[in-house]
Structures are given as structure tokens and as C-alpha cells.
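Read the structure below first, then the notes.
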Amino acid sequence: MAEKIINGFSVVAYATQPEGRIPARAFLETRRLPVKADAAAKEAGAQEAPPACDQDEAEDEPESLAFEIFVTRRFRGAVEAMSAARNALDRVKSVDEHGVPDHLPD
């Protein structure tokens, strides 16, 4: 797995092995990084009490999002799929606030 940290998200590229008639597949996955305790303490000191609705919204968000990439391609093996996933990861320049990378290949 290859990893890149962008805009507070960990973006990971990985591939799956072929299984029977299902070919190898390539994926990008985004996962929100936890806020550091020091940053949270400073932020809490600046604000008296965080609003409760923000905490509820944060709990509703999924922990990670997986995106299958190059869906139309048929990879011969996991090595080829992983190479394509790494190349796609190299092209990702930013991640929006919902965890979606800016450039997702077909």
C-alpha cells in the first residue's frame, strides 16, 4: 500500500488479487486523520465550549471512503493493478472536506 497525507486525510492506494472470474482491481481510500491532542487543547482554550451539533456531524461521517478506480480496465494481475493505483495516487493533489480526492480516474 502506498500512502499520502493531504488536507488532513490519509489517502491510500491498494489493489486486490484476482479471484476466480473477478480480475484484480485498483482502489484509492481516504481516511480522516485524528486531530492531535495539543491542537484540540489549544482550540478548546480559544473557544469556551464547542457546539454539540458539530460533534454529532463528525460522528455521522464514515471513518474511511474507498473508491474503485480504473473500473473499465481489466488488469492481468495485482502487480499491474497496484502500479495503476500508485500512479493515480501520485496525481491526487487535494481532498475535499468530505474525503473525495480531486482527481479520480475512470
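The values are calculated or read from the model by the stated rules, or taken from the named source; none is laboratory data. Small disclaimer: the values here were computed from a predicted structure and weren't measured. Using ideal geometry, Cβ is built from the backbone for each residue, glycine included, and neighbour counts are taken over all protein chains shown. Accessible surface is based on the protein model in full, side chains and every heavy atom, while ligands, DNA and RNA are left aside. Shrake-Rupley method; radii C 1.70, N 1.55, O 1.52, S 1.80 Å.
Looking across the range 16-31 at every residue that is of a type in the set (A, V, I, L, M) and either touching a Leu at 6+ places or on another chain (Cβ under 7 Å) or open to solvent by 30 Å² or more (accessible area, probe 1.4 Å) (or both), the one that is modelled with the highest pLDDT is identified as 28.
Against the test of being within 19 Å of residue 9 (Cβ to Cβ), surrounded by 13 or more Cβ atoms within 10 Å (Cβ to Cβ) and at pLDDT below 90, the options 105, 34 yield a single qualifying residue, 105. Within the range 44-54, restricting attention to residues that are open to solvent by less than 70 Å² (accessible area, probe 1.4 Å) and among the hydrophobic types (A, V, I, L, M, F, W, C), the residue that is modelled with the highest pLDDT is 44. Here 2, 85, 41, 13 are screened, and the one residue that is over 16 Å from the mean Cα position of the chain (by Cα) and either among the aliphatic types (A, V, I, L, M) or at pLDDT below 95 (or both) is 41.
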